[in-house]
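S.K.: Before we start, here is the structure in question, set down as structure tokens.
The values are calculated or read from the model by the stated rules, or taken from the named source; none is laboratory data. Please read these numbers as outputs of a predicted model, since none were measured by experiment. Because the Cβ atoms are built from the backbone with ideal geometry, glycine has one as well, and the counts that use them run over all protein chains shown. Ligands, DNA and RNA are stripped out before the accessible areas are found, and what is left, the full protein with its side chains, is counted by its heavy atoms. Shrake-Rupley method; radii C 1.70, N 1.55, O 1.52, S 1.80 Å.
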Amino acid sequence: MSSYLHPERLFSSDPIQRQIAQNIYQAIKDLPIVSPHGHTDPSWFANNENFSNAAELLIVPDHYVFRMLYSQGIGLSELGIGQGKLSLEQSHKVWKIFADNYYLFRGTPSRMWLDYVFAEVFDIAEPLSKQTADQAFEQINQQLAQDNFKPRALFDRFNIETLATTEQPLDDLKHHKKIQQSEWQGRVITTFRPDNLTDPEHPKFKESFRALGALTNTDIDHFADYLAAIKKRREYFIEHGATASDHSHPSAFTADLSDRDKETLFQKIRSLNYSPEDALMFRGQMMTEMAAMSIEDGLTMQLHHGCYRNHNAPLYQKFGTDKGADLPVQVEFVKALQPLLSKFGNHPDLTIILFTLDETTYSREIAPLAGHYPALKAGPAWWFHDSPEGMTRFKEQVIETAGFYNTVGFNDDTRAFLSIPARHDVSRRIDSNCLARLVAQHRLNEDEAIDVAIDLTYHLVNQAYKFK
Amino acid sequence: MSSYLHPERLFSSDPIQRQIAQNIYQAIKDLPIVSPHGHTDPSWFANNENFSNAAELLIVPDHYVFRMLYSQGIGLSELGIGQGKLSLEQSHKVWKIFADNYYLFRGTPSRMWLDYVFAEVFDIAEPLSKQTADQAFEQINQQLAQDNFKPRALFDRFNIETLATTEQPLDDLKHHKKIQQSEWQGRVITTFRPDNLTDPEHPKFKESFRALGALTNTDIDHFADYLAAIKKRREYFIEHGATASDHSHPSAFTADLSDRDKETLFQKIRSLNYSPEDALMFRGQMMTEMAAMSIEDGLTMQLHHGCYRNHNAPLYQKFGTDKGADLPVQVEFVKALQPLLSKFGNHPDLTIILFTLDETTYSREIAPLAGHYPALKAGPAWWFHDSPEGMTRFKEQVIETAGFYNTVGFNDDTRAFLSIPARHDVSRRIDSNCLARLVAQHRLNEDEAIDVAIDLTYHLVNQAYKFK
Amino acid sequence: MSSYLHPERLFSSDPIQRQIAQNIYQAIKDLPIVSPHGHTDPSWFANNENFSNAAELLIVPDHYVFRMLYSQGIGLSELGIGQGKLSLEQSHKVWKIFADNYYLFRGTPSRMWLDYVFAEVFDIAEPLSKQTADQAFEQINQQLAQDNFKPRALFDRFNIETLATTEQPLDDLKHHKKIQQSEWQGRVITTFRPDNLTDPEHPKFKESFRALGALTNTDIDHFADYLAAIKKRREYFIEHGATASDHSHPSAFTADLSDRDKETLFQKIRSLNYSPEDALMFRGQMMTEMAAMSIEDGLTMQLHHGCYRNHNAPLYQKFGTDKGADLPVQVEFVKALQPLLSKFGNHPDLTIILFTLDETTYSREIAPLAGHYPALKAGPAWWFHDSPEGMTRFKEQVIETAGFYNTVGFNDDTRAFLSIPARHDVSRRIDSNCLARLVAQHRLNEDEAIDVAIDLTYHLVNQAYKFK
């Protein structure tokens, strides 16, 4: 039997475990999708225009997809990247390259997500191949031109209850405003991501620093002014639905300086006359300041540090950011977060969600930290680890120490809107299968497992992000 | 069927593997318990008084249990911690909080251990829940008041053959003396843990250093005097049954200095006029000195470095040590242990047992080291990793390189006396299941697997700790 | 049923997965062996003389085997190591020690490889034990004396299509020349391993540097001269069949210096007046130079950094290199390789194969790098990780991000010639079992899985090493 969307995919082939997994999955498969962290474009939902075509929608913007093709020697230009709006003919060419090389995705989550999109979203009967490429292109494009494939219609059809996007702190959030003011009931909210204000080495720091003063009508002479201005932006984001902030620094380092030291450091940063150590210290102090603000304004803090951005220099120069060359690096949390956690980690009003690309921290650092500090929760298997094996490792390495209730369910972190149901389905299946293993080994009762599965899918995420 | 102490719990649901696991488990389940490393209180066995009640016995002293409750926002004071002796009413309140939140332990080893204690030690028929909380509290307390629930009776009933406790090097060991002099045959021995003498940055170093001179009638002017005084304490511990020493430093660093450099370093330490680098070097040199003494006096050396103690500053200030805020950090062994191992690692009379909280060292460092150096053995999955998944990872990552015979069986490392049989049972089940997998995949014969299981459960631990 | 070469060994005991694994295995088990990276002795194939006896062939030269015996207190001298040519009586004694202690190998890949050699190569009916030791010794020795057990006959019987050995860059390659000039058709080729020229801290650097000038008739006054001389040696190796170079430094650090800085650095190195930092920088720059040469001459670059050589100082002094005391250390690739990869990682004519002993880099660094850079491929589970669990972890941690097609199949990396079919068989069985799991969970079709298995076994390795 073909693997193409088999109803029991991702479940163990052991009949006992499989049957239990099915029982658990039945209890969660139709729950609404809560997507608390992602990178879809809010203008889609604000303007609700039809997507163009299969290649421009599914290949060109998705670095999960084109990085695999690139790694096998297919140029980004051949894939239509950095070429502006493509003609239908150009798009068709891109699609054919993709289809011809679809075998490269064997064994990857991209393959499962794409198969799901083809089968479930576009109702395509045959798996993608060289032979079916043209017909699939045609069939997808035809559907994309219809009203019921407009962004809002898909959002509703996907049964999405909440979808968070991510914006930089100076964003005017006009798309979110438009969505809020529309008659459409879909809940699309923003997330406050101030890296360009918290990291002096961010490429846009200088420009953002200046713009912040103007935007908030503030003379930013002292650190207190700076914090006050940022606070205003947080308030603006909260007005537009934000319930969380999102932080990505090169390392997890935090600091807890005296007021005098903060001011001295700020003046160095402000004058752009600082060392790498100063920059590190500033980032670290800003995390602690963000935590302090979160206690006041209630934004849940998401930390996902430890990524080497734009590793491939010539590619970055030619094509810019987000071209598949952001790479994980080793990360350390226990020492790095100590200043922040000792200060605020016991606070009942703070929620910090910790993500990582360095799986070695699961059992060594994240689970022991989340299993102790009331403020800290373990975020899900993330990015490269948002995959069947990756999620299974997360469960096996985190739960025994942190328990299920110090985790926060799944997030898809995607800019590929159409893949959202696919990704949540994979997560629900893996949750079901992992829980089924515990039940099959008599470590948990089936009714408990079903409770946990519902909590992971729905309640824990709503709670951690204060959606409900 | 309920998971509550299912007879086949923790075995694979694959019928072939499960049957083999059962066969192996039958051969080891009734072997005596050998517990070579732990933190039970010797006064229990010296004085043999009844334990007070369920909450004071099972919740208040067990950081595995209360850290999970704390992580979900339940204050330590609410749990009776740091409150001195609790009234029965206070204890009952603590118990109810625990029972109400028992679902938090789903998927954790604590849940399995506690269920075992309830079912096997106290013969409680129903799983703990809000509904059964009061009755369980009552039932446990009634039994605890009986003679056959006194510490020595439980020790005998648990079929414990040897139980090691851990004491600091200036301890008078009066409880052990009392046990030795009693008519009771139970073997409760001490372990020599000299961190407060080997680590200048230990909070009690200064005070211990002074006390050591007085206690051993030594003028400690030179490094040789210091070593001689420590040697006397080792002898004192050996007289009271010790067969092992136990060492925990922030890192695994070792050194092998010249006599002149040792003396210079010692004088700095002695005068309390030293840098962090000096402290590190002193700890490193002391490990090598301890190995030298072990070759002479035969104490097995246990190393379990790599823990950030008392991470949560305000909690530590209020409640002191061992409150669930000791956290693993990255650790490195290959470079760190090279001076010690190059000097003594080939010695036939030395046994060093290496533990870790950093699982990344299993396949990269510990297994390759233990598979080469005659003196070095891999200790079991430890602390946060003393769990079904943790022990399985240990087996899968260590055995292929180190073999079974460079490991030393299980230890429970617990202060929760009643959980000892539960913990050993989990270990025996996981051993059985892991070995069964090898047999089911035709990588080992079933009779070989049974031999190995018996060795892991009994012979290897007795041998490594020189109990028999 | 005995585990001794069971036909379904290493497959899951789940009947569904096992049947699929069998189907896949049938498609690959008889494919020719391609062995692109190893340490067999080319003189065996040049001179084609009979091997001496079981102990001298299977125990004395194999550090996988004797390190386990040594770790359990059996001296290397007892095992005939460092004793020169052994008498038959001495060899017999070594063999008996080995057989008496064969139980130590339970659960290790060595046990599986040795069982295979006994059963398949020497047709021995009973598993090795104290009881069968003498007969096995006799039986193996008798066969080794026959013509059809000469190296070339075994090579042909093993169905080896290509076998690469490894030589240092000043080697005269006379054995390879002799093989090339013989009538025998077996393809035994060399590999260019220039660590003694690229690493100033290599014990033979000074001597090799001098010899290089003489051998290439070059006055090596400037960096350009040095590179030109190395290039000549690469050409010489290519004439003798080399298609790959092989590099092992203490760390993966690379550099991309200006011409002026290169020359300055070179003069320091040349004068042997350099710091550890200079040595590191030189190694790093030399990697980039090697990559530049590879783009011109086509040699595939193999990088396997991160090993602490000769860790056991007294053992090294007495017995020399390769005595089981080379140990893995932590390694970092993302930052370390950035200079090289940013310069050459997008080049279509370069292939770099990355190996590691630090499994933490699989999912964090190697898979994300290989899944992006066209030049980079992930080498197989290596050395200590060339084992059933090790290979399974590799598959589970690498494939989801890098895909199968950014890996390069298996290599045996062995000096134990007779174990080559055994090692490839283990790899093929684990590939089959891992793929079967994907099929059983409906993540891949069975026909796709068979395609992938054939690619992993044969096509990908031939392609990466340019054998075909």
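S.K.: Put the label 7 Å from Cα along Cα→Cβ for B:Asp172; what are its distances to the other copies, in nanometres, shortest first?
M.R.: Copy-to-copy label distances at B:Asp172, shortest first: 8.1, 8.1 nm.
S.K.: How much accessible area per residue does segment C:369-468 have, counting only protein heavy atoms and a probe of 1.4 Å, in square angstrom?
M.R.: Per residue, segment C:369-468 has an accessible area of 20 Å².
S.K.: How large, in percent, is the carbon and sulfur part of the accessible surface of the protein assembly as shown at a probe radius of 1.4 Å?
M.R.: 48
S.K.: Within segment B:14-121, report the GluC sites (Glu not before Pro) that DSSP leaves as loop and that have at most 15 other Cβ atoms within 10 Å.
M.R.: Passing sites in segment B:14-121 are B:Glu49, B:Glu78.
S.K.: List, in order, the whole-Hz ³J(HN,Hα) value for each residue of segment C:181-192 obtained from phi through the Karplus relation with A = 6.51, B = -1.76, C = 1.60 and θ = phi - 60°; use x for Gly and Pro.
M.R.: Karplus values, whole Hz, x for Gly and Pro: 7, 7, 7, 5, 8, x, 9, 10, 10, 9, 10, 8.
S.K.: Does segment A:179-240 come out rounded, prolate or oblate, given a ≥ b ≥ c as the square roots of the eigenvalues of its C-alpha gyration tensor, rounded meaning a/c under 1.5 and, failing that, prolate meaning a/b above b/c?
M.R.: It is prolate, given that a/c is not under 1.5 and a/b is the larger ratio.
S.K.: Same structure, new question: Excluding B:Tyr116 itself, calculate the net charge of residues whose Cβ lies under 9 Å from the Cβ of B:Tyr116, where each Lys or Arg counts +1 and each Asp or Glu counts -1.
M.R.: Here the count lands on -2.
S.K.: Net charge near A:Asp425: determine it from the other residues with C-beta under 10 Å of the C-beta of A:Asp425, scoring Lys and Arg +1 and Asp and Glu -1.
M.R.: +4
S.K.: Buried accessible area for the B:C pair, summed, 1.4 Å probe, in Å² rounded to 100?
M.R.: About 3900 Å² of accessible surface is lost on pairing.
S.K.: Does segment B:254-364 classify as rounded, prolate or oblate by the C-alpha gyration tensor (a ≥ b ≥ c root eigenvalues; a/c under 1.5 gives rounded; else a/b over b/c gives prolate, otherwise oblate)?
M.R.: oblate
S.K.: Nearest 5 percent is fine: what portion of the DSSP beta bridges confined to the protein assembly as shown is antiparallel?
M.R.: 10
S.K.: Please give the Cα centre distance for segment B:158-217 versus segment C:49-104, rounded to the nearest Å.
M.R.: Rounded to whole Å, the Cα centres lie 45 Å apart.
S.K.: Counting only C-alpha contacts under 8 Å and six or more residues apart, can you give the relative contact order of chain B as a whole percent?
M.R.: This gives 21 percent for chain B.
S.K.: How about segment A:195-301: which trypsin sites (Lys or Arg not before Pro) there lie in a loop by DSSP and see at most 16 other Cβ atoms within 10 Å?
M.R.: A:Lys204
S.K.: Which distances, shortest first and in nm, link A:Asp259 to the matching position in the other copies, using label points set 7 Å out along Cα to C-beta?
M.R.: Ordered by distance, the counterparts are at 6.0, 6.0 nm.
S.K.: Shape call for chain C from the C-alpha gyration tensor, a ≥ b ≥ c root eigenvalues: rounded (a/c under 1.5), prolate (a/b greater than b/c) or oblate?
M.R.: Oblate, since a/c reaches 1.5 and b/c is not below a/b.
S.K.: Then there's this: Taking θ as phi - 60°, what are the ³J(HN,Hα) couplings along segment A:30-44 by the Karplus curve (6.51, -1.76, 1.60), each to the nearest whole Hz, with x for Gly and Pro?
M.R.: In residue order, the calculated couplings are 9, 5, x, 7, 10, 10, x, 8, x, 9, 5, 8, x, 5, 4 Hz.
S.K.: So, one more: Per-residue Cβ counts within 10 Å, from other chains only, averaged over C:99-106: what number is that?
M.R.: 4
S.K.: For every helix of n ≥ 4 consecutive DSSP H residues, a contribution of -39,500 (n - 2.57) applies; sum these over chain A, divide by its total residues, and give [θ] at 222 nm rounded to the nearest 500 deg cm²/dmol.
M.R.: -14000 deg cm²/dmol
S.K.: Then there's this: Kindly provide the Kirkwood hydrodynamic radius of segment A:50-149 in Å, to one decimal, from all pairs of distinct alpha carbon atoms.
M.R.: Computed over segment A:50-149, the radius equals 13.6 Å.
S.K.: Can you list, shortest first and in nm, the gaps between the label point of B:Glu235 and those of its counterparts in the other copies, using a point 7 Å from Cα in the C-beta direction?
M.R.: Taking the point 7 Å beyond Cα along Cα→Cβ, the inter-copy spacings are 7.5, 7.5 nm.
S.K.: What's the magnitude of the charge dipole for segment A:1-130 around its Cα centre, counting Lys and Arg as +1 and Asp and Glu as -1 at the beta-carbon? Answer in Debye, nearest 20.
M.R.: Rounded to the nearest 20 debye, it is 340 debye.
S.K.: What lysines does A:Lys231 reach when the alpha-carbon gap must be under 29 Å and sequence neighbours fewer than 8 apart in one chain are set aside?
M.R.: A:Lys174, A:Lys177, A:Lys178, A:Lys204, A:Lys206, A:Lys262, A:Lys268, A:Lys335, A:Lys343, A:Lys377, A:Lys466, A:Lys468
S.K.: With +1 on each Lys and Arg Cβ and -1 on each Asp and Glu Cβ, how big is the dipole of segment A:194-334 about its Cα centre, in debye rounded to the nearest 20?
M.R.: Here the size comes out at about 500 debye.
S.K.: Could you point to the residue in B:His39, B:Ala145, B:Leu79 farthest towards the positive end of chain B's charge dipole, with +1 and -1 charges on the Cβ of Lys/Arg and Asp/Glu respectively?
M.R.: B:Leu79
S.K.: Where nothing but the Cβ of Lys and Arg (+1) and of Asp and Glu (-1) is charged, how large is the charge dipole of segment A:151-465 around its Cα centre, in debye to the nearest 20?
M.R.: 680
S.K.: May I pose another question? Return the average number of partner chain Cβ atoms within 10 angstrom of each residue Cβ along peptide A:357-370.
M.R.: Mean inter-chain Cβ contacts per residue within 10 Å come to 6.
S.K.: Once amide H atoms are placed 1.01 Å from N in the peptide plane, what residues at a sequence separation of 5 or more from B:His39, or on another chain, have their amide H within under 5 Å of its amide H?
M.R.: Amide H neighbours of B:His39, under 5 Å, 5+ apart: B:Thr414, B:Arg415.
S.K.: Same structure again: Would you work out which of C:Ser363, B:Asn101, B:Ala125 lies farthest towards the positive end of the dipole of the protein assembly as shown? Charges go on Cβ: Lys and Arg +1, Asp and Glu -1.
M.R.: Of the listed residues, the answer is C:Ser363.
S.K.: Separate question: Whose amide H sits under 5 Å from the amide H of B:Ile189, counting only residues 5 or more places off or on another chain, with H placed in the peptide plane?
M.R.: Here the answer is B:Leu163, B:Ala164, B:Thr165, since their amide H atoms fall under 5 Å of that of B:Ile189.
S.K.: Along the charge dipole of segment B:151-465, pointing to its positive end and built from +1/-1 on Cβ of Lys, Arg, Asp and Glu, which listed residue (B:Val398, B:Leu197, B:Ala255) has its Cα farthest out?
M.R.: Working it through, the farthest residue towards the positive pole turns out to be B:Leu197.
S.K.: Suppose we keep just the DSSP beta bridges with both residues in chain A; what percent of those would be antiparallel, to 5?
M.R.: Here the antiparallel bridges make up roughly 10 percent for chain A.
S.K.: Within 12 Å, Cβ to Cβ, of B:Asp225, how many net charges do the neighbouring residues add up to if Lys/Arg are +1 and Asp/Glu are -1?
M.R.: Residues close to B:Asp225 contribute a combined charge of 0.
S.K.: Also: Show the residues, 5+ positions off or on another chain, whose built amide H is closer than 5 Å to the amide H of A:Tyr308.
M.R.: A:Leu327, A:Val329
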